[in-house]
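J.: My questions all concern the structure below.
The values are calculated or read from the model by the stated rules, or taken from the named source; none is laboratory data. This one's a predicted model, so the numbers in the text were calculated from it and none came from an experiment. Note that each Cβ is placed from the backbone with ideal geometry, even for glycine, and that neighbours are counted across all protein chains shown.
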Amino acid sequence: MGAYEIFEQGRVIDQGFLKPGKQRLVDIVATKQQLESALKIANQLFLKLEAAGHRVMFAPSDRVYSRPPIDEHEHPPKKPRHRYPALWSPSKPTVVFVGTVAIGLTLFEMTEELEARYVDRGYIPVSKIPAQQQRRLHPTFNWTTRMDFATGRLCLRAFCPYPNADWSRSWKESKESRLHSQLDDIVQQLTDAAPVIARLVEEGEERARVRHQEWQEELRRLEEKQELRRQAEARRNARSDLLTAIQKWDEIKRIQAFFRDAEASASELAGEPQRVAMEKLAQARELIGELDALEALLAWKGPQERL
């Protein structure tokens, strides 16, 4: 209800596809020419699904539901093409609940690659240019190329909206078969697909659980390795600092022994020589500063203190 007006007011992008400004809309991607037809087909499908006891709605907020991007090509190329500007996509997938299983639904118009020629500021399929007009076109300024054009034919894509599971099914219109004639069969196939999707989701969640456990175990092993590296590094640093402290201790003992010997020798002197010697000794002590061998050991940190 009200979707037609919102879609119709949307911006028109390449191949004539509509790109409305609102995103909370039924999941339909079509050109303006096929909009009304697409909405009618979607409405018929939703009514048939609800008549079969299934609920059609925007995806609820009870968990994460995702809607994969579409490839609108009737015959998708082997190498995916980057499309700019991107086609419109909804903020919430349109889903049908078959029991407790959600199945995503996207209805879109397909495109096909055709030989085209640039005529009057736009590309036109060569097949649609009258022969008389083609003869008048100058070959130098009206070269041909390959372009995508909307076909007017619709495709219904059903998909699994749950993470960790991959399932999809498509029903394409052809010139001989339209979607409205396939709706009863589509409803039945969607009903039959629900237990298959439920099983795939369960298997996917189990794989995700196993991956998470493996990741946690790998993280635990990594943390153990890091802890062992930290302990080894702490022991190396502690040993290096201890050897430095021992060397400093030796140096302090040597300097203290020097001052003791010098003071003992100076005390044996008398008069002016003794005074001069004691002054020199005082100057030397002041220059060296306080010497405390125990202080170096107390400042040292053992391996456990470093951790």
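J.: From R157, R153, which residue is within 30 Å of I124 (Cα to Cα), among the basic types (K, R), outside any loop (DSSP other than H, G, I, E, B) and in contact with a helix residue (DSSP H, G or I) (Cβ under 9 Å, 6 or more places away or on another chain)?
T.: Details: R157 fails: in contact with a helix residue (DSSP H, G or I) (Cβ under 9 Å, 6 or more places away or on another chain).
R153 is the lone residue from the list that is within 30 Å of I124 (Cα to Cα), among the basic types (K, R), outside any loop (DSSP other than H, G, I, E, B) and in contact with a helix residue (DSSP H, G or I) (Cβ under 9 Å, 6 or more places away or on another chain).
J.: With respect to the numbered conditions (1) touching a strand residue (DSSP E or B) at 6+ places or on another chain (Cβ under 8 Å); (2) assigned to a loop (DSSP other than H, G, I, E, B); (3) closer than 18 Å to F159 by Cα, which one is the sole condition not fulfilled by R63?
T.: Here R63 meets the rest and fails (1).
J.: Restricting to region 1-32, name every residue that is of a type in the set (A, V, I, L, M, F, W, C), touching a Gly at 6+ places or on another chain (Cβ under 9 Å) and farther than 23 Å from P68 by Cβ.
T.: I6
J.: Which condition breaks for K175 when tested against (1) of a type outside the set (G, A, S); (2) assigned to a loop (DSSP other than H, G, I, E, B); (3) in contact (Cβ under 8 Å) with a residue 24 or more places away in the chain?
T.: Tallying (1) of a type outside the set (G, A, S); (2) assigned to a loop (DSSP other than H, G, I, E, B); (3) in contact (Cβ under 8 Å) with a residue 24 or more places away in the chain, K175 fails exactly one: (3).
J.: Quick check on region 213-236. Is at least one of its residues among the basic types (K, R), modelled with pLDDT under 85 and either more than 18 Å from E290 (Cα to Cα) or in a helix (DSSP H, G or I) (or both)?
T.: Restricting attention to region 213-236, the residues satisfying the condition of being among the basic types (K, R) are 220-221, 225, 229-230, 235-236.
Checking the rest, the ones that are also modelled with pLDDT under 85 come to none.
No, there is no match, as no residue in region 213-236 is among the basic types (K, R), modelled with pLDDT under 85 and either more than 18 Å from E290 (Cα to Cα) or in a helix (DSSP H, G or I) (or both).
J.: Here are some residues: V26, V56. Which one is closer than 27 Å to F149 by Cβ and not in a helix (DSSP H, G or I)?
T.: Among V26, V56, only V26 is closer than 27 Å to F149 by Cβ and not in a helix (DSSP H, G or I).
J.: Surrounded by fewer than 13 Cβ atoms within 10 Å (Cβ to Cβ) and within 30 Å of N164 (Cα to Cα): which single residue out of E223, E227 fits that description?
T.: The match here is E223.
J.: Just need a number here: residues in region 1-23 that are of a type in the set (F, W, Y) and outside any strand (DSSP E or B).
T.: Qualifying residue count, region 1-23: 2.
J.: Shifting gears a bit: Just to be sure I understand, how many residues within region 1-41 are in contact with a helix residue (DSSP H, G or I) (Cβ under 8 Å, 6 or more places away or on another chain), aromatic (F, W, Y) and crowded, with 17+ Cβ neighbours inside 10 Å?
T.: Total meeting the criteria: 1.
J.: Separate question: State whether one or more residues within region 179-188 are on the phi > 0 side of the Ramachandran plot and either in contact with a helix residue (DSSP H, G or I) (Cβ under 9 Å, 6 or more places away or on another chain) or surrounded by 10 or more Cβ atoms within 10 Å (Cβ to Cβ) (or both).
T.: There is no residue in region 179-188 that is on the phi > 0 side of the Ramachandran plot and either in contact with a helix residue (DSSP H, G or I) (Cβ under 9 Å, 6 or more places away or on another chain) or surrounded by 10 or more Cβ atoms within 10 Å (Cβ to Cβ) (or both).
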